[in-house]
Every structure is written in C-alpha cells, then in structure tokens.
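Visitor: Pasting a structure here, questions to come.
The values are calculated or read from the model by the stated rules, or taken from the named source; none is laboratory data. A quick note: this is a predicted structure, and the numbers were derived from the prediction, not measured. When we count neighbours, we look across all protein chains shown, and the Cβ atoms used for this are built from the backbone with ideal geometry, even at glycine. In case anyone asks, the SASA skips ligands and DNA or RNA and just uses the protein heavy atoms, side chains included. Shrake-Rupley method; radii C 1.70, N 1.55, O 1.52, S 1.80 Å.
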Amino acid sequence: MKRYGMVLNVKTCLGCQACVAACTQQHDTPFWSGNYRTHVENVVIGEFPDVSREFVPRLCMHCEDAPCVSVCPTGASHYIEGGIVVVDQETCMGCKACMLACPYDARYVYDAGDISRARIVYGPDVQQTSAHVDKCDFCYERLEEGLEPACVATCPGEARIFGDLNDQASRVAQLVSSGEAVPLAPELGTKPKVFYIR
Amino acid sequence: MLTRREFIEASAVTGASLAVLGPLEFALAKTSADDATQSDTSYPNICTMCASGCGIKVQVDERGGLRRAVKIDGNGADPFNQGRLCPRGQSGLRLAYSPERITRPLIRVAGSKRGEWRFRAASWEEAYAYIERRERELDIQPYEKAIAAGWVICAYYRPEVVAFAVSSEIPNIYGTPMQPCVTGEHFGIDTVTGNFNIHDEVQADYGNARYFLAIGSNASVAAISTGRALDLARNLEKTKVVVLDPRLSELAAHADTWIPIKPGTDLAFTLAMLHEMLGHGYYDAQFVAAHTNAPFLLDEQGQPVMKTDPASHMPSAFYVYDATRGQVVETGGVFHNDNTVAVDGSTVAPALAVPQGLLFQGKRVQTVLQALQQKVATFTPEWAAAITDVSAATIREVAHDFGTTRPALVEPGWHDGRYRNSIMLRRSVAMLQALVGGIDRRGGWIFAGEYHEMMADMLAYLRKGGDLQKYPGMLVPGIMSPQGVLATYFDNPQAWNHKHPGISYAWSEQQFSEGKQGVAFPLFPNLGYLEGSKGQVQWQGKPYRLRSFYMYQANPIRNAMSSTAWQEFLADPGMGLVVAIDIMPNDSNAYADVILPDQVYLERQDLLFDLGHSHQRGIRLREPSVTPPKGTKPALDILSDLAAMRGVPFWQTVAEFNGWDPAAVAETAESARRSGGSAVAAVAEYQIREAARAEGVSVAQLKRRLRRDGLVVFDQAEPLLARWAMPDHLPVPTPSGRLELFSLITAGFIQEHGYRPEWDPLIAWIPPETPAAGGHLAADEFFFAYGKAPVQSHTATANNDLLMALSHNYGDQYLGIWVNPASARRLRIGSGDRLELRNTATGDTVQGTAFLTEMVRPDTVYMMSNFGVHNRLLVGAGQGTALSQLVTARPESVVGAPRSGEFTVRLRKL
Ligand code: SF4
Ligand code: SF4
Ligand code: SF4
C-alpha cells in the first residue's frame, strides 16, 4: 500500500512562491482573499550582520493521526488511498471544527463569496462549487495521471520532493529513514507525512 | 463534460525523454514519435513573463472551436527550465484573462488629454487611417518618428524592429531595456568576451561550478530565471557560494558567505581580487596565454603593436613573445582564437611577461598582462577594505579561493542599480572569469547553443573569402552586430534619404563638440529625446525633435527612469502623435492617441526562434495555444500592415537582415497579408522549410515535432562544446577573437573622444559619486539599493491579479522601503510608517512604507523595483513605490545608462 509523503528542503527553497502560484491555479483557490493551500514563510533571525534567513514552505501535513479527520462530524474530512487527507466540498457543512483541531493551521474557509468570485476569475468550469473548508490534497488527481503534485513539479529550487514513504527506494523514504528529513513539531503527536530538511 | 485532469496530455510525461535525443536519434525516433496519438489538450509555448523564455505547456479547455487556457505547466522537453516554472511563468494566463485586456483598437476621445484613460473603440482600418492622417496633416517626417521597443521586443523581435525602422526611414529606436539593462551593465562584459546581450547569449553553468561568486545582480537566481535557479539549487550542496550584496537577498540567504558590501563599491572589491590573483598567480596561465590577449605586446604609449589590413581596417596580426625561441612572433589577426600558433603555422609559447627592456620595432614593449598588473598595483586589499567596508582578509580569501578552485564561476550579472562604474565593474567580472579559464567550459560561462553556430557560419563565410561588410548584420554574433548596425544606419546620416542620423547620435555629437559629456556608444538609447522636445538638439543647424512616437510593448514612464520628464515628453503639444501597440493599459500608453491591441504570448503566432538561453542548439516555434480575442493581432502583423500602408519593403528587409531569400519572403508575407491571413505565419512556414533543409529532415516531420514539443534539439551541449567551444575551438566574437584583457573596442573610444577612465582599455577605478568612497552620511541620509522580486519582471506584476496577490504575501518586504531597525530607531521610524525619500543628487522625491529589517545594512535603504504603478486600471495601482519617480536618469558616458543607484536618499517620516 502506498503512503504518500513530501520532503521540503529548506536548504534550497528560494522563497519564490512558484509553488503557491501553481497550486492556486491547479485548484482554483481564492487568492483574492489571501487564502492558499500552501504558502512560504520567510524566517529571519539575528541582528545585522549576523542574520540568517530561511524560507519554509508550509502545507497540510497529511497526518496519520489527523485530528481534523477525527473531529469532523460529517466525514467530509477523510483519508483516501495513499493516506492523503482530503475534504469533500459537497459534504462539508463549514462548522470549522477541523480548523480548530488542526495544530498546523493548514486549513482555511472557501466561503460563498469566494465561490461566486471564483466563477468570474477562473471561468465557468471552476472546480470549487460550494462553500467548504479547504486544504491541500497532494494533487491526488494529478497523481492518478502519473504526475507529481503541481507545487513539486514546478519548484525552481527543487525544494519539494514527493513520493511513496513505503517504497524504500524512493527519495522521500531515504531522506526520512536517514534522519535527514524530520517532521515539524513531532511532539504534537499527529504523525505528519510532510518532513523538512533544515 | 471532461474534468480538467482528463485534459492533461500524456505527452507531458513522454516529452521529457524526447528532448535528450540528438540529431541521429532524431531520425530513428521518427516512427514512434510521429505515430504517438496526439491529444490536443495541452499545447507548447514559450513563456514571455520575463526574458528567460522557458518552455511551457498550456493546458486548455477546448469547446466550440475556442481554446481557453486553464493551467500553465513547464515543458519537460525544454532543456533550459526542464519542466519547471517560476511564479511569473505559472501566472501567465492571468494576463490573458484580465478584464482590462485591450481587445479592440482604441482612439483617444476628442478633447481628452494625453494621460487620461479616455478612448473609444475603433476598427483596424479606422485606427490605421487615423495614424496616417495625423502624420500627413502635421507633415511629420520619418526622422521625426521614434519607436520605443520594450523588453519583449528586445528579447524576441530585435531584427524585425530594426528592419521596420530601417525600411521606414525611421532612424530612432529606443530599446527601453537597453540602457537600464543590456548595455548599461553587459557592455563591460562585452568588451572582454565580445557578447552583446549576455543574458540570452550566456547561461552560466551554475550546476557544475565548485565556487560561485555573485556580485549584486539578483535577477538570475534570487529573482528566479528558472533554469538558472534550478541548476544552482541542485548544486548548492557541492558549491561554495559567496554573495556580495548590501541586503540579504534570497540568494544571499543560501550563501556560505554573505558579504554586505557598501553600495557602489563592488568595483573596488573586484580590483583588489585582480590585484591578488595577478600578484599570486591565481589564474589558469595556460588558458590565459593561449586564448586571451594577455600576451599581446603593447608599446610605451600603451598601444597594441599590431598590423592592420589597409582595406578592411581590421587587425591582420598581433605580436607575442615566444618564450621558446626568445623572440617576438606574429600571431593571427582578426577572428583567431589561439596564440600558440604563429601566422606561419609554427608553434609558439606565448609569454605573459617579456624580458625586461625588450625592444621591438624600436619600441620598448611589454605584455597586456604586465600592463594590467601595473594598473592594479595600488589596488591592494587594504585599499579596497577602506572603501568597501569588507575586511582585507575576506577580500584575500575570496581572491584566493576563486582563483584556485576549479571550476570557479562569477555571476555575469543581471539587474542592479547602475553607477558610473557599473560597466567597468562588469568588465572586471569578465576578466575574473577569463583568468580562471572558465569560458565555454563546464562550470563557467557557457555560450548559448545557437551562438556557436553563428560564429561557425560566419567564419566559414570569411574563410571562403567572404566580405564581412556584406554579411547579414543580424547573423554576426555578439557586440559587432549592433556596432555594425549603428555605424551603418543609426549613427550614419548618409544611410537615410533624409540625411538625418538618430537623434541620440546628433545629441551626443553636439555634446562632444560643445566640450560636454557625450556618449561613446549610443546603442538605442533615449538620449536627446527629451532635450529635443525642448528645442535643445540641432542637426545641421536646424532643431531636431521627435513628433511621432510609437511604443511597442514599451512603458518608458515606469521601465526607464525620469518618469516626470517622460510624462512631459508624451504630453507635449509639439508631440504630434503617440501610438501604442500593447496588451494592457499601463502608465505610458495612457498617453497614447491610438492603441493597437497586440496579443498575449499564449495567443500569438511567431517566427521561428532558436533555443534562447539553452546550451543546446535547436529551434522553437510559438503558435497560438489559446484563442486570441477577436480584435487583436500579433504585433509583427501590425508592423507588417503599417509598412504595407506606406509601401515600405518591411519583410524584404527582415529577410536581408536574417540572410533569407528577400524576394521569396516578401512574396510569401505579402500574399498572406493581402488574403487577410497572417504574414508572420507565412514567414514562419518559410523558416521551417529552410530549417528542415539545413538539418536534413522532412518538413512535415519537423512541424509535427515542433507542434507537439514546441522545440527540437539538434545538438546537445557536450558534442557542441567539443566541436565549437569558444575560445577553445572557435574565436570569441571580439575584434581579435581572443578574450580581450585589453579592449580594442574601448581603445577605439579613446581615439574618437580622448581618454576617460570609463573606457580604459585595461581597467580603472571609478569612485562612486556618493560618500561611499570617502565622506560621511548625514543622520537621515542613506545609500540606495534596489533589486527584483521573484514575482516581478519589469512591470508584469502590476497587471496580474495573482502575482499582485502573491506580492502581498510578503507584504512590505516586497512593497516597502527596507530600513535597518537600528537606523529606524535613530530616526524614530516605526514599521509601516509612511516615509518620504528624497534623492540628494536630483531632488526627486517619492513616498513609501517603512519595512524594518535586519536584512539590510544600517547605512542603506533598499526597495524592489517596478512596483508603484499609477494607472488606476491596473490591479497594482498605488501599491509600492515607483523607482522611476525617484531617479532622474543622469546618463553615464559609455552607453548613456541612467545612474539608477548612484545617489543617496534622505528619509523623512511623514
Ligand atoms: S517553488 Fe520551491 S523554491 Fe519556490 S517557494 Fe516554493 S518550495 Fe520554495
Ligand atoms: S495538518 Fe491539519 S489539516 Fe492537515 S492532516 Fe494534519 S490536522 Fe489535518
Ligand atoms: S523565468 Fe519565469 S517568467 Fe521567466 S520565462 Fe521562465 S517561467 Fe517565464
């Protein structure tokens, strides 16, 4: 069985947001409201001239013990093949329990106003058709086509590495098992499938 | 109804493997490739959100014969970007579907003022007729017209625009990216390597360097030119990265060593590097002796000892001291690449230093390298440390490591604040790269694939006894091409029936004759344009001014400096007609009388291009991936219409410039145009036929490959370098064919205009005209630096809702004025405070929002360029600060580049 995961290499992320632009258009997300499924944090530490700067891409961690899934009263938040956590936009009733439960702040509300604006911005075939809580789905539709997630495919820093954590030959599995890539705040106990090289 | 994912083409996956096939495999792969089912839901194209020209695949939704783009992906078949795209490239379709697109010809509403966005829709016929009538009524002469060509034109349509101007008797072209971009920086490199526009002629081999030194210039990696950023990112673990930048850029963030150098003093740093490298022998002596002009002999006056061909005025021999024979020997003249072979065919060991007191032809001589060594003798690390605010130990270490690590790479440069010393800085950078032997070799500066072929073709022509003067100008590689174009046309009154040179040349000559500062190499600048409108430029005793101005995707108010002067120039009642060819409203075309709607790159039919920034050789085709709005035309068809209306032999001239069959091309284009079709499409067909013939493949097959993959690679980089590396196997495109540590081009400027340090043929220190080189700043005074954000290119973000939203994700880091918190405290400036910035050199003022950050030197303020547009129709209107409003140009004297960084600002809290 596949267990999809992503490794983010902070050492090579250039903070360019190509990933954000790709994701936005892959999923018709509401950039006009400042909401994205993935974003990049710019972390600056120290005082001139001893100052360091890092870019940390963020997205849903696709936790194996996902509190968002367990609190969801409708089953809209659920696992699909490969351990991907998704939200079914038709089923979601917008109670936001998952947003409170998620310790990684990975979710946002795709509201009714966004839905009507999306039709204008993205055209009549827009994929987002009803208000819901939205988040990253590892581009599972692209995976079915044999493509990588949109953010991974476009990244000019090659900072996003995607694959099957159960396949020991995959780069993600190797980076994780070697300890080079580690989860963000593992103490939260949700068992993220997104890891970071710092 | 199909879901979007069903549109994803299977060939997006298979395409990648085809790219690696060479010419041999090309024939073998024929059946499998051609028989593959073509799923028409993803079309190749070339990104035009910046000048990198990445390969893209446009996913479309196709119905009722209309194609609409739904997502842009990287084209895996493109060897440059290798399937990846930057945020601008990803967001390209937002440009096509902007509600503010101009989709009909527009004519200014009678009674409205230029600058107001008040237009009425018109038919093409009406718009063309309006232009003709205005120019006739006002009796505007061809020499009173000018064409301002924007960066897209610079990147893709140089031959066509020059052909349009020349055939229309228009001696004025303003390449808006020229002074701020190509010549204002690259010209320094050109004087060493012979290049012209290094960001499509050189793709530094970031992926194979072991030491990488970047001096300012953040566009290549920090602001993401996709293929460049990708190659470096993949190599970050293995290469040592050293970044000189007054602010902690996206690249500096990943550096092993960040050196926050004082703005404007980079040249002192590189001079001290040269001092160290030459003094300690940190260079590749074999390469330098064989392939640069370092061993050439100079006389006591510092003039090269050489023979000149009386007919062509080109050097026919240079002299080197052969260490083996202990005597001076003749080595090849123009277009030779190897000093180890004498003119008589004998083997030479060219000495980099001659015995003391050596006399030749009765003169005391020494080598170029010896003269260079004397020049840099006083530029010690201690000297530089006092200027740059970088320790002498650090300078020594960088010089040592750069000079002794192989391969070592220095960033050629792309985008930076300009100083009087910027060209000399880039010249010194090219010298550094030449000294370590890193030219057209792995890990160094590698010329674009096509570039080698141009050189090989030209040499073959010359070896067969061809006359360089008759060789098609656009096929000459490198700096000699524009030099030839200037000398033949724009600086030559005799080339035109009206006997007027370009107004920039007239202005510059007038300056020199009045003993004022002129410009040695006015290559498509706007010099004299603004002065002319004030009656200050004369030609043959009569005032010379422009009365008709065509802006072809150009936005001089924002993309050149001196925004207020441009506004006045465009609004001037003496300006009879302003025409814009454009896609979207901007700050400049608001001043147009007529706007002709061009197409977005996704929709446009184009001519055949080469592979651009790639190391490979091949061709690319751009055909419409999506359906263009009805009322629009590809701009080359617009030029074609204008030319036809005036009976001008446009396509014939294009063909002559490109070395095509003029009669055949003119006929093809004209018949297509007359029958209401696209002249461009017809000429592209001609090019495909010619390419198929040259490569020995069938036209149908070539077309299928182009339509499916967007490009065909004919030569991979390795075999190409093995055959044609310059200077290892072919000369570089300098006058001597060698990498010129002594520049024959700038030596020519001395002959014409006398000596200035800016065109010292060796090297010279040019102090910035700021307190950086001595003196101190007032309490509220700062050095000024600017750069490019990854989401921005020229003003592309301002009319793109997604890119503008992404800009806001970084807030005032992108849109504000960077001030170090320690300095801000002193001035009681808080985060988010509104500030006034006053340029102390020009008095220009502009407002901005304080962004307090440790990422910038305490004595420097920094901002991103190209935000702060004004036109209210643009999504970016009023957001950020307009650089062009803070900077009145003040041209330097080599190419007339605006000194866009050479000033201090005073900050005032509002
Ligand atoms: S695209 Fe890659 S390099 Fe750019 S911000 Fe995203 S993760 Fe970082
Ligand atoms: S990161 Fe948040 S949204 Fe994603 S799976 Fe974990 S809890 Fe759920
Ligand atoms: S670097 Fe970005 S904007 Fe430039 S051509 Fe490539 S994808 Fe387009």
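Visitor: Under 14 Å from the Cβ of residue B:366, count the other residues' Cβ atoms, weight Lys and Arg +1, Asp and Glu -1, and hand me the total.
Guide: +1
Visitor: Something else: Run the helix sum for chain A: -39,500 (n - 2.57) per DSSP H stretch of 4+ residues, divided by residue count, reported at 222 nm to the nearest 500 deg cm²/dmol.
Guide: It lands at -6000 deg cm²/dmol.
Visitor: Further question on the same structure: At 1.4 Å probe size, with the rest of the protein present, what percent of the exposed accessible area of chain B is carbon and sulfur atoms?
Guide: Answer for chain B is 51 percent, counting heavy atoms of protein chains only.
Visitor: Using Cα-Cα distances under 8 Å and only pairs 6 or more residues apart, what relative contact order does chain B have, in percent?
Guide: Averaging sequence separation for qualifying contacts and normalising by length gives 19 percent for chain B.
Visitor: If you count, for every residue in A:50-59, the Cβ atoms of partner chains within 10 Å of its Cβ, what is the mean?
Guide: 3
Visitor: Follow-up. Give me a single rounded figure for B:697-708: the average over its residues of other chain Cβ atoms within 10 Å of their Cβ.
Guide: 0
Visitor: Another question about this same structure. Please give me, ordered by residue number, the trypsin sites (Lys or Arg not before Pro) of segment B:412-516 that lie in loop per DSSP and have at most 13 other Cβ atoms within 10 Å.
Guide: B:464, B:499, B:516
Visitor: How do the peptides B:547-554, B:318-325, B:486-493 rank, highest first, by the average count of neighbouring beta carbon atoms within 10 Å per residue?
Guide: The most tightly packed comes first, giving B:547-554, B:318-325, B:486-493.
Visitor: In nm, give the distance between the simple-model label positions of residue B:488 and residue B:685, each being 7 Å from the Cα along the Cα-to-Cβ direction.
Guide: Label at residue B:488, label at residue B:685, 2.9 nm between them.
Visitor: Taking 0.36 nm per residue of sequence separation and subtracting the Cα-Cα distance, how much length would be gained by fully extending the chain between residue B:303 and residue B:400, in nm to one decimal?
Guide: 31.8 nm
Visitor: Sticking with this one: If packing is taken as the average count of other Cβ atoms within 10 Å, what order do B:837-850, B:587-600 fall into, highest mean first?
Guide: Going by the mean number of other Cβ atoms within 10 Å, highest first, we get B:587-600, B:837-850.
Visitor: Another question about this same structure. Looking at segment B:755-883, what % of its DSSP beta bridges pair antiparallel, to the nearest 5?
Guide: 45 percent
Visitor: Of all beta bridges DSSP finds with both residues in chain B, what is the antiparallel percent, to the nearest 5?
Guide: Of those bridges, close to 60 percent are antiparallel.
Visitor: Set the Förster radius R0 to 41 Å, insert the Cβ-Cβ distance between residue B:906 and residue A:182 as r into 1/(1 + (r/R0)^6), and round the FRET efficiency to 0.05.
Guide: Efficiency at R0 = 41 Å is approximately 0.30.
Visitor: At 222 nm, what helix-only mean residue ellipticity would chain B give, in deg cm²/dmol to the nearest 500, using -39500 (n - 2.57) for each DSSP H run of four or more?
Guide: -9000 deg cm²/dmol
Visitor: Sticking with this one: For segment A:84-177, with all protein chains present and a 1.4 Å probe, just round the carbon and sulfur fraction of the accessible area to a whole percent.
Guide: 51 percent
Visitor: Here's something else I'd like to know. Note down the net charge around residue B:307, summing +1 for each Lys or Arg and -1 for each Asp or Glu among other residues with Cβ under 14 Å from its Cβ.
Guide: Within the 14 Å Cβ shell, the charges total -4.
Visitor: Kindly identify chain B as rounded, prolate or oblate by the Cα gyration tensor criterion: order the square roots of the eigenvalues as a ≥ b ≥ c, call it rounded if a/c is under 1.5, otherwise compare a/b with b/c, prolate if a/b is larger, else oblate.
Guide: rounded
Visitor: Please give the peptides B:872-884, B:726-738 ranked by average Cβ packing (other Cβ atoms within 10 Å per residue), highest first, as a rough proxy for protection.
Guide: B:726-738, B:872-884
Visitor: Anything losing 20 Å² or more of accessible area from the isolated chain to the full protein assembly: pick those residues out of segment B:76-124, probe 1.4 Å, ligands and DNA/RNA ignored.
Guide: Residues passing the criterion (a loss of at least 20 Å², heavy atoms only) are B:84, B:85, B:87, B:90, B:94.
Visitor: Determine the sum of side-chain charges near residue B:340: Lys and Arg each +1, Asp and Glu each -1, restricted to other residues whose C-beta is under 15 angstrom from that of residue B:340.
Guide: Counting the neighbours of residue B:340, the net charge comes to -4.
Visitor: When DSSP beta bridges are limited to those with both residues in the protein assembly as shown, what percentage is antiparallel, rounded to the nearest 5?
Guide: Roughly 65 percent of the DSSP beta bridges within the protein assembly as shown come out antiparallel.
Visitor: With a probe of 1.4 Å, find how much accessible area segment B:570-680 has per residue, and write the answer as a whole number in Å².
Guide: Per-residue accessible area for segment B:570-680 comes out at 26 Å².
Visitor: Can you tell me which lysines have their Cα less than 19 Å from the Cα of residue B:542? Leave out same-chain residues fewer than eight positions away.
Guide: The reachable lysines, counting only those whose Cα sits under 19 Å from residue B:542, are B:145, B:499, B:534.
Visitor: Next up: Can you classify segment B:621-718 as rounded, prolate or oblate using the Cα gyration tensor, where a ≥ b ≥ c are the square roots of its eigenvalues, rounded means a/c under 1.5, and otherwise it's prolate if a/b beats b/c and oblate if not?
Guide: oblate
Visitor: Once you've got the GNM for chain A with C-alpha springs shorter than 10 Å, pick whichever of A:104, A:36, A:122 has the biggest mean-square fluctuation.
Guide: Among A:104, A:36, A:122, the largest mean-square fluctuation in the Gaussian network model of chain A belongs to A:122.
Visitor: I've got another one for you. Could you tell me the total accessible area buried at the B-A interface, probe 1.4 Å, in square angstrom to the nearest hundred?
Guide: About 4100 Å² of accessible surface is lost on pairing.
Visitor: Would you give the gap between the C-alpha center of segment B:67-97 and the C-alpha center of segment A:86-104, rounded to a whole Å?
Guide: Each part's Cα centre sits 32 Å from the other's.
Visitor: Here is a follow-up. Quick one: accessible area per residue over segment B:465-552, 1.4 Å probe, rounded to a whole number of Å²?
Guide: Result: 40 Å² per residue.
Visitor: So what is the accessible area of segment B:290-360 per residue, in Å², with the probe set to 1.4 Å?
Guide: With the other protein chains kept in place, segment B:290-360 gives 45 Å² per residue.
Visitor: Another question about this same structure. For B:235-244, what's the mean count of beta carbons from other chains sitting within 10 Å of each residue's beta carbon?
Guide: Counting other chains' Cβ atoms within 10 Å and averaging over B:235-244 gives 1.
Visitor: Which residues belonging to segment B:759-807 lose at least 30 Å² of 1.4 Å-probe accessible area when the assembly is complete, relative to their chain isolated?
Guide: When all protein chains are present, B:802, B:805, B:806 each give up 30 Å² or more of accessible surface.
Visitor: Please go through segment B:106-195 and write out the trypsin sites (Lys or Arg not before Pro) that DSSP classes as loop and that have at most 12 other C-beta atoms within 10 Å.
Guide: Loop-located and lightly packed - B:113.
Visitor: When a/c reaches 1.5 or more, the comparison of a/b and b/c decides; with that in mind, is segment B:501-590 rounded, prolate or oblate per its Cα gyration tensor?
Guide: The shape class here is prolate.
Visitor: Report the relative contact order of segment B:179-261, percent, no decimals, based on alpha-carbon pairs under 8 angstrom and at least 6 residues apart.
Guide: Over segment B:179-261, the number comes to 23 percent.
Visitor: Could I ask something else about it? Run the numbers on segment A:90-133: which residues show a drop of 40 Å² or more in accessible area, chain on its own versus all protein chains together, using a 1.4 Å probe over heavy atoms?
Guide: Hits at the 40 Å² cut-off: A:121, A:125.
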